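The values are calculated or read from the model by the stated rules, or taken from the named source; none is laboratory data. Just so it is clear, the model here is predicted, and its values are computed rather than measured. Counting neighbours? That spans all protein chains shown, and the Cβs are built from the backbone with ideal geometry, glycine included.
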Amino acid sequence: TWTPMSLFVYSRSVVLILREGSCSHTGGEGSHFVLHVTHRSSHLIFVGLQKIKEDVPSKNKKSQFVSISKNYRSVIRACMEELQQNAVSTQEGSLASQYGDQVSILLAIELIWNLCEVLFIDAAPAGSLLLHLLDWVRLHKSDVDARAREVLQSDSPAHHQSYWDVVISLVLQGRVDEARQVLSKQASLRAESSSVFKRMDVLLHTMPIFNPTGTQTLTEFDVKWRHWHEECDRCLQDNTFASNRHLETICKILVGDEDTILEQKELLSTWYHFLVTRLLFTHPTIKPPDLHYYAQSSMSMFLGLRASPEPLDIILLSAFEFDLHQVIKDCSIALNNWWFVAHLTDLLDHCKLLQSHNLHFGSNLREFLVLEYASGLFTHHSLWQLAVDYFDHCPEFGRVYLELQIERVPLDTERKAIKVLRICEDRQMSEQGSICKIMAKRALRNNRLGSALSWSIRAKDAAFATLISERFLQDYCNKGSFTDLDLLDNLGPAMLLSDRLTFLGKYREFHRLYGENRFSEAAKLLLSLMTAKIAPRSLWMTLLTDALPLLEQKEVIFSVDQTYELMSCLEELNLVTKDSSQTDQDEDIESTKTELLRLALARNLAMAIVKEGTIET
């Protein structure tokens, strides 16, 4: 059972499931799941709220804000229900206790939010105000329904020990039709006093209830209510219910006898329930500006002189006094919960309710709280992306905070790094270069050349792209084949980042053309790589060796001029090789390759001369 005044004791010792986006100590997988659903659901509502346009008519805008407020409360309610199910299903006593504590805190959050919705967002006028407050009390005092079901489902409801408590509780909440239904069980058993029960039934049945959608004015309702109130008072003066003390107690409640209502402290349980019941039977047409007088006196009467108000009492009293800034301040301190104050303040700021004293104060307060909440979200391994939208909607400092936080995101995986990078690219943030370099170096250390090259291209780092291209070529020389073919085949304009990358891309293109039997195109490309000096000199022998299969083809691939160019490259390479220090074994290998190439070039030259001469003839 929720004890509203004790929940703030928990808030200092229990890590809230909504606190700063952290769920590392909430206990159990159930809390983790609930946490994710709650933050993601509220994030969607928050983003939707930011899209409401300023030019929407005030009446329509108000209904939208009320709907959004109810959506936030439904998220809280769903979170509570999930935690309650977890508490019931768990076998661990300590874990069930934690769940119970979290439910208690969430109940307080919804209680405060609901009251702010009634008083500020919906801003119910006189007449409707009390109806909303009654709904507020009924929603947060639901144990009456459970007890009523228990009584009505028993073998003899009229003799149940909680029978009269249920009847009086229903009356205290203004649920007169349900009270009449339960009273009928007693009346059917007491034929001798049925007239007394009928009289009470008439009083309850005729109790006026204001209908905000009807044609009745507030003045007409007030007159009708006063006549009914006088009738109740007349029954009390005539001792109509003197034969039944329970009915007499109900009649005293109907006339608004404060001492009698106070005697029902156990059934009321809280001073704000006492306040709403007191207003229901003494001042049902209460106007919002007069509410704080009744709230202060009700709290004093209910708590007495000895008991000091708890933080929850102070927060609710501030709300009844229409002091929004105090409500937000006290909630920030008592709840230690940025989720609640950030979303509530954001909604109130959209309703233009925080600018009463200073035009910029409301927006600054809203931005500060949203930034604090988003900063907490950023520390969570799977919720950090949600924080980005919160930062985006903080016009003054949001980008600065995002730039600071994005630097601290641990780039555990490439998928996460790509997400961070996309965030930076969308917002044209300078951090994207450093992220790409970090990922490129990490991939290179792990010998993942394709990933390293991809990240260096993203970073537009020519020096690093050159280094990785060298590694690709070394790998090719050692293995005789390329890795990461998809990347190399789709470099596109990115290959222009550095000369070595250009060569790598074109060299891979040569191999692809050769594999597709497009020999003429392959030969032309291979020759251009050498004559344009794009290929590193260390790979010239490799490229000339790649030309051998083309030189040995039955069909002439290289023309006379192209063959002379290949011969020139071979001779230039030999001159360089002679000047370099090589082992005897390396010299023999190079010499063998050179002789094979000279022979192949000579044959190709002869064939090319014959072919070209024949064509001319």
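The numbered conditions (1) over 18 Å from residue 443 (Cβ atoms); (2) outside any loop (DSSP other than H, G, I, E, B); (3) over 19 Å from the mean Cα position of the chain (by Cα); (4) not polar (S, T, N, Q) are all true for residue 402 except (3). Taken over the range 157-179, residues that are free of Cβ contacts under 8 Å to residues at least 40 places away in the same chain and touching a Ser or Thr at 6+ places or on another chain (Cβ under 7 Å) amount to 1. Just a yes or no: is a residue in the range 424-431 touching a Ser or Thr at 6+ places or on another chain (Cβ under 7 Å), part of a loop (DSSP other than H, G, I, E, B), aliphatic (A, V, I, L, M) and surrounded by fewer than 21 Cβ atoms within 10 Å (Cβ to Cβ)? There is no residue in the range 424-431 that is touching a Ser or Thr at 6+ places or on another chain (Cβ under 7 Å), part of a loop (DSSP other than H, G, I, E, B), aliphatic (A, V, I, L, M) and surrounded by fewer than 21 Cβ atoms within 10 Å (Cβ to Cβ). Of all residues in the range 480-517, those satisfying the criterion of being assigned to a helix (DSSP H, G or I) and either modelled with pLDDT under 80 or of a type in the set (Asp, Glu) (or both) are 485, 486, 489, 499, 509. Restricting the search to helices (runs of 4 or more DSSP H) fully inside the range 140-231 and requiring at least 3 residues that are under 45 Å from the mean Cα position of the chain (by Cα) and surrounded by 14 or more Cβ atoms within 10 Å (Cβ to Cβ) gives 143-152, 163-172, 176-187.
Checked against (1) in contact (Cβ under 8 Å) with a residue 24 or more places away in the chain; (2) surrounded by fewer than 16 Cβ atoms within 10 Å (Cβ to Cβ), residue 400 meets all criteria but (1). Annotation: residue 310 fulfils all but one of (1) more than 20 Å from residue 262 (Cα to Cα); (2) touching a residue at least 12 places away in the same chain (Cβ under 8 Å); the unmet one is (1).
If we keep just the residues of the range 232-243 that are surrounded by 11 or more Cβ atoms within 10 Å (Cβ to Cβ) and either in a helix (DSSP H, G or I) or of a type in the set (Val, Ile, Thr) (or both), which is nearest to the chain's Cα centre (by Cα)?
Restricting attention to the range 232-243, the residues satisfying the condition of being surrounded by 11 or more Cβ atoms within 10 Å (Cβ to Cβ) are 232-236, 240-243.
Subset that is either in a helix (DSSP H, G or I) or of a type in the set (Val, Ile, Thr) (or both): 232-236, 240.
Numbers: 232: 53, 233: 55, 234: 59, 235: 58, 236: 57, 240: 60 Å.
Per the stated criteria, the residue is 232.
Confirm whether residue 65 is surrounded by 19 or more Cβ atoms within 10 Å (Cβ to Cβ), more than 21 Å from residue 335 (Cα to Cα), at pLDDT 70 or above and among the aromatic types (Phe, Trp, Tyr). For residue 65, the condition - surrounded by 19 or more Cβ atoms within 10 Å (Cβ to Cβ), more than 21 Å from residue 335 (Cα to Cα), at pLDDT 70 or above and among the aromatic types (Phe, Trp, Tyr) - is met. Across the range 526-538, the number of residues qualifying as in a helix (DSSP H, G or I) and surrounded by fewer than 18 Cβ atoms within 10 Å (Cβ to Cβ) comes to 4.
The residues of the range 256-273 that are farther than 20 Å from residue 143 by Cβ and surrounded by 19 or more Cβ atoms within 10 Å (Cβ to Cβ) amount to a single one, 256. Going by the conditions given, is residue 135 surrounded by fewer than 21 Cβ atoms within 10 Å (Cβ to Cβ), under 38 Å from the mean Cα position of the chain (by Cα), at pLDDT 90 or above and not small (Gly, Ala, Ser)? For residue 135, the condition - surrounded by fewer than 21 Cβ atoms within 10 Å (Cβ to Cβ), under 38 Å from the mean Cα position of the chain (by Cα), at pLDDT 90 or above and not small (Gly, Ala, Ser) - is met. For the range 71-109, the candidate set comprises residues that are among the β-branched types (Val, Ile, Thr) and in contact (Cβ under 8 Å) with a residue 40 or more places away in the chain; within that set, the residue that is farthest from residue 45 (Cα to Cα) is 90. Out of the residues in the range 309-356 that are assigned to a helix (DSSP H, G or I) and acidic (Asp, Glu), which is nearest to residue 122 (Cα to Cα)? Among residues in the range 309-356 that are assigned to a helix (DSSP H, G or I) and acidic (Asp, Glu), the one nearest to residue 122 (Cα to Cα) is 349. Looking across the range 244-288, the residues that are of a type in the set (Val, Ile, Thr), in contact (Cβ under 8 Å) with a residue 40 or more places away in the chain and not in a helix (DSSP H, G or I) come down to 270, 285, 286. Could you please find all residues in the range 289-308 being more than 22 Å from residue 140 (Cα to Cα), hydroxyl-bearing (Ser, Thr, Tyr) and in a helix (DSSP H, G or I)? Listed by number, the list holds a single entry, 293.
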